[in-house]
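The values are calculated or read from the model by the stated rules, or taken from the named source; none is laboratory data. Since this is a predicted model, take the numbers as computed values, not measurements. So basically every Cβ, Gly included, is an ideal-geometry build from the backbone, and we count neighbours across all protein chains shown. Each accessible area value is taken on the protein alone, full model and side chains, heavy atoms only, with ligands, DNA and RNA left out. Shrake-Rupley method; radii C 1.70, N 1.55, O 1.52, S 1.80 Å.
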Amino acid sequence: MNVLIVYAHPEPRSLNGALKDFAVQHLRAAGHAVQVSDLYAMEWNATLAASEIPERVHHRADILREQEKLRWADTVIFQFPLWWFSMPAIMKGWVERVYTLGFGYGVGEHSDRRWGDRYGEGTLSGKRAMLVVTAGGWESHYSPRGINGAVDELLFPIHHGILYYPGMEVLPPFLVYKARSMGEQRFAAITEQLGQRLDTLATTPPIPYRRQNHGDYDIPAMILKADIAPAASGFAAHLA
Ligand code: FAD
């Protein structure tokens, strides 16, 4: 399997750095090919330029290289520390620049039966994606009634809007809570669990998001049909 790790942490000796190194070694030892986009080390330019907005598309070499890595990958892992309830800005800027018109969005034809190729279809369909995220907060803080909001809801914009949108199947995330309380023993337990998740990348059932063009939504309103999960609303309504 070809695995791309898109990774954002400025400090190689961080917990994230150690988990990323572990993942690379573990995957390679299992016979997989691994590429890493280490965004800070690459000094990734996270700012979409005027020349890159859709009407004046000029894809720079750095964007084309990342798109090529995505095409190459069977599985894409996005690894980052949770910063202000989301991915670090450098990774958001990677998405903004790499997901160009005709690649990340604006793919496929629009008709009264299809609304382009997205949400389960698109350039990256057939690939799998998984988040590896560390957070300072506790697991209870991210539980369904926790003060920070439920983690599934917090990650929905990334899972559904960034990974599923261009076609990837999204695996449940690998989360490390209370990340600042780390000792040798806990680190060993976490790498063991991460290793198990890496060993099952090809077989773990994805989050069952609904497909856009398979009958659940009214097109072009793109709203769930009245008879589909009538009591459901919000993010959870998009789970089949
Ligand atoms: P590090 O600080 O590098 O390490 C964490 C611990 O792991 C340390 O004790 C370190 O000694 C230990 N460690 C590192 N490597 C190893 C190793 N190889 N073996 C054993 N132990 C090791 N948290 C939230 O929950 N929600 C937020 O919205 C949020 N926003 C943030 C915004 C910013 C700007 C910042 C800076 C932090 C924020 N945090 C938030 C906290 C953040 O998520 C955590 O600090 C981060 O996830 C920890 O990961 P790290 O790689 O930076 O850990």
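Here are the numbers for this structure:
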read-out: Count of region 180-206 residues which are within 13 Å of the ligand (Cβ to nearest atom), of a type outside the set (D, E, K, R) and open to solvent by 30 Å² or more (accessible area, probe 1.4 Å); value: 7
read-out: Residue satisfying condition, being away from the ligand (no atom under 16 Å from the Cβ), farther than 22 Å from F78 by Cα and modelled with pLDDT under 95, within set I219, I223; value: I219
read-out: Looking only at region 207-216, and only at residues there that are touching a residue at least 40 places away in the same chain (Cβ under 8 Å) and open to solvent by less than 40 Å² (accessible area, probe 1.4 Å), the one that is nearest to the chain's Cα centre (by Cα); value: I207
read-out: Residues (open to solvent by less than 10 Å² (accessible area, probe 1.4 Å), not polar (S, T, N, Q) and not in a loop (DSSP other than H, G, I, E, B)) located in region 71-80; value: V76, I77, F78, F80
read-out: Extreme residue, least open to solvent (accessible area, probe 1.4 Å), among residues of region 136-179 that are under 23 Å from the mean Cα position of the chain (by Cα) and charged (D, E, K, R); value: E169
read-out: Verdict on S143 being more than 10 Å from the ligand (Cβ to nearest atom) and not hydrophobic (A, V, I, L, M, F, W, C); value: yes
read-out: Every pair of residues 6+ apart whose Cβ atoms lie under 7 Å, when the first sits in region 1-15 and is in contact (Cβ under 8 Å) with a residue 12 or more places away in the chain and closer than 17 Å to I90 by Cα while the second is of a type in the set (A, V, I, L, M) and open to solvent by 10 Å² or more (accessible area, probe 1.4 Å); value: I5/V24; I5/V34; I5/V36; Y7/V36; A8/M87; A8/I90
read-out: Close pairs (7 angstrom Cβ cut-off, 6 or more residues apart or separate chains): within 20 Å of G120 (Cα to Cα) in region 228-240, assigned to a helix (DSSP H, G or I) anywhere; value: I228/D216; A229/A237; F235/E153; F235/F156; H238/H160
read-out: Scope region 193-215; condition in contact with a helix residue (DSSP H, G or I) (Cβ under 9 Å, 6 or more places away or on another chain) and outside any loop (DSSP other than H, G, I, E, B); matching residues; value: L194, G195, L198, D199, Y209
read-out: One residue from R113, R118, R128 being closer than 29 Å to A221 by Cβ, in contact (Cβ under 8 Å) with a residue 60 or more places away in the chain and buried (at least 16 other Cβ atoms within 10 Å of the Cβ); value: R118
read-out: Residues located in region 125-165, provided they are of a type in the set (A, V, I, L, M, F, W, C) and either in a helix (DSSP H, G or I) or at pLDDT below 95 (or both); value: V151, L154, L155, F156, I158, I162, L163
read-out: Region 1-60: number of residues that are closer than 30 Å to G102 by Cα and of a type in the set (D, E); value: 4
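Here is a yes/no grid of residues against (1) modelled with pLDDT of 95 or more; (2) within 16 Å of the ligand (Cβ to nearest atom); (3) not β-branched (V, I, T):
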| position | (1), (2), (3) |
| --- | --- |
| N16 | yes, yes, yes |
| V24 | yes, yes, no |
| A41 | yes, yes, yes |
| I53 | no, no, no |
| A61 | no, no, yes |
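Results for (1) open to solvent by less than 40 Å² (accessible area, probe 1.4 Å); (2) not in a loop (DSSP other than H, G, I, E, B), shown as yes or no for each residue.
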| position | (1), (2) |
| --- | --- |
| K20 | yes, yes |
| A23 | yes, yes |
| Q35 | no, yes |
| A41 | no, no |
| N45 | no, no |
| L48 | no, no |
